[in-house]
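Visitor: Provided herewith is a single structure, encoded as structure tokens, for subsequent inquiry.
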Amino acid sequence: MQAVESLRGGLIVSCQAPKGSPLDDPSIIAALARTAELNGARGVRINGPGHIRAVRAIVSLPILGIEKLEHPGSDVYITPTFESAQGVAHAGADIVALDATLRARPGGERIGELIPRIRLELGLPVMADVATLAEGMAAAEAGADLVATTLLGYTAETRGRPAPDYALIAGLVSRLDLPIICEGGIASPDDVRRAFDAGAYAVVAGAAITGIDRLVQRFAAAIGDGPR
């Protein structure tokens, strides 16, 4: 659990890029992760075994590993199966992060069985990405080592709710005796401070730091038809 302890009170940088972006390349993701490490991050969140291996080769920070995979008939796509968790673990992740909502999973796997299996067979702590207080409590009961607010706004039940939700963080902190990670919607240093004020154990920032595609689009859109 040293990887979990080292995240306490720190910033985790999510180093990801959209499919089709020139940035979606293992060497570039690794460079972003190394930059995060050199500038004070305590951990990095990385998508896909290939990217995880590249990051592991040059970064000593804890890696929160995920694999985004779409399956017909299921809305769960963040490390949706044990097989995907196994790939993440074998690539060098220190923590396996997964969708821990109560939605139907591919192959009929259940979160109450998947979390303990990952911990037992892969020997790694599990971070449960949830959208609600009830999901966080269910993940904790299943044996999750950390709970993150990652999926707030991405499920039918929570669609339209703005993130970060500091009340959700505080609610999870008050009910669960395990680290609560604020992830989703962090756009500024002030957001980071407010998350810690709400009781977060650590904070994940992604698009605000490494979302270069989206940032350029926003700046370009501000120009409109051209300079005035």
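Visitor: Of the listed peptides 100-112, 129-141, what is their order by residue-averaged count of other C-beta atoms within 10 Å, with the highest listed first?
Guide: Values: 100-112: 17.8, 129-141: 22.2.
Put in order of decreasing packing, that is 129-141, 100-112.
Visitor: How large is the helix-only mean residue ellipticity at 222 nm for the chain, computed as the sum of -39500 (n - 2.57) over DSSP H runs with n ≥ 4, divided by its residue count, in deg cm²/dmol to the nearest 500? Mind showing how you got there, number by number?
Guide: Working: 10 runs with 89 residues, N = 228.
So the helix-based figure for the chain works out to -11000 deg cm²/dmol.
Visitor: State the extension gain, in nm to one decimal, for the chain segment bounded by SER27 and ALA170, taking 0.36 nm per residue of separation less the distance between their alpha-carbons.
Guide: Numbers: separation 143, 0.36 × 143 = 51.48 nm, distance 3.74 nm.
Full-extension gain reported as 47.7 nm.
Visitor: Over region 28-110, what is the relative contact order in percent, taking alpha-carbon pairs closer than 8 angstrom and at least six residues apart? Show your work: numbers first, answer last.
Guide: Working: 144 pairs, mean separation 22.7, N = 83.
After rounding, I find 27 percent.
Visitor: About its Cα centre, what dipole magnitude does region 2-223 give when the only charges are +1 on Lys and Arg Cβ and -1 on Asp and Glu Cβ, stated in debye to the nearest 20? Mind dumping the intermediate values first?
Guide: Working: 20 positive and 25 negative charges, 71 e Å.
I would put it at about 340 debye.
Visitor: Would you calculate the separation in nanometres between label points at ALA134 and TYR77, each defined as 7 Å from the Cα along the Cα-to-beta-carbon direction?
Guide: Calculated label separation equals 2.5 nm.
Visitor: While we're on this one: Taking all pairs of different Cα atoms in region 137-209, averaging 1/r and flipping that mean, what Kirkwood radius in angstroms comes out?
Guide: On the way: mean 1/r = 0.0809 Å⁻¹.
By the Kirkwood definition, the hydrodynamic radius is 12.4 Å.
Visitor: Counting other Cβ atoms within 10 Å, which trypsin sites (Lys or Arg not before Pro) in region 1-76 have at most 10 and lie in a DSSP loop? Walk me through the numbers on the way to the answer.
Guide: On the way: sites: ARG8, LYS19, ARG34, ARG42, ARG45, ARG53, ARG56, LYS68; in loops: ARG8, LYS19, ARG42.
Of the trypsin sites (Lys or Arg not before Pro), the ones in loops of region 1-76 whose Cβ has at most 10 other Cβ atoms within 10 Å are ARG8, LYS19.
Visitor: Output the relative contact order of the chain, whole-number percent, from Cα pairs under 8 angstrom with separation of 6+ residues. Intermediate values should be presented prior to the final figure.
Guide: Values: 468 pairs, mean separation 39.0, N = 228.
Reported relative contact order: 17 percent.
Visitor: Once a ≥ b ≥ c are taken as the square roots of the eigenvalues of the Cα gyration tensor of region 2-223, is the result rounded (a/c under 1.5), prolate (a/b larger than b/c) or oblate (a/b not larger than b/c)? Don't skip to the answer; put the middle values down first.
Guide: Details: a/c = 1.30, a/b = 1.13, b/c = 1.14.
Because its axes are fairly even, with a/c under 1.5, region 2-223 counts as rounded.
Visitor: In what sequence, highest mean first, do 75-82, 186-193 appear when ranked by Cβ atoms within 10 angstrom? Intermediate values should be presented prior to the final figure.
Guide: Details: 75-82: 20.8, 186-193: 14.4.
My ranking of the peptides, most packed first, is 75-82, 186-193.
Visitor: Percent antiparallel among DSSP beta bridges with both residues in the chain, to the nearest 5? Please report the intermediate quantities before stating the final value.
Guide: Values: 2 of 27 bridges.
DSSP beta bridges in the chain are roughly 5 percent antiparallel.
All of the numbers you see were taken from the coordinates with simple rules; none came from a lab. The shown structure was predicted, so the numbers you read here are calculated from the model rather than taken from an experiment. Using ideal geometry, Cβ is built from the backbone for each residue, glycine included, and neighbour counts are taken over all protein chains shown.
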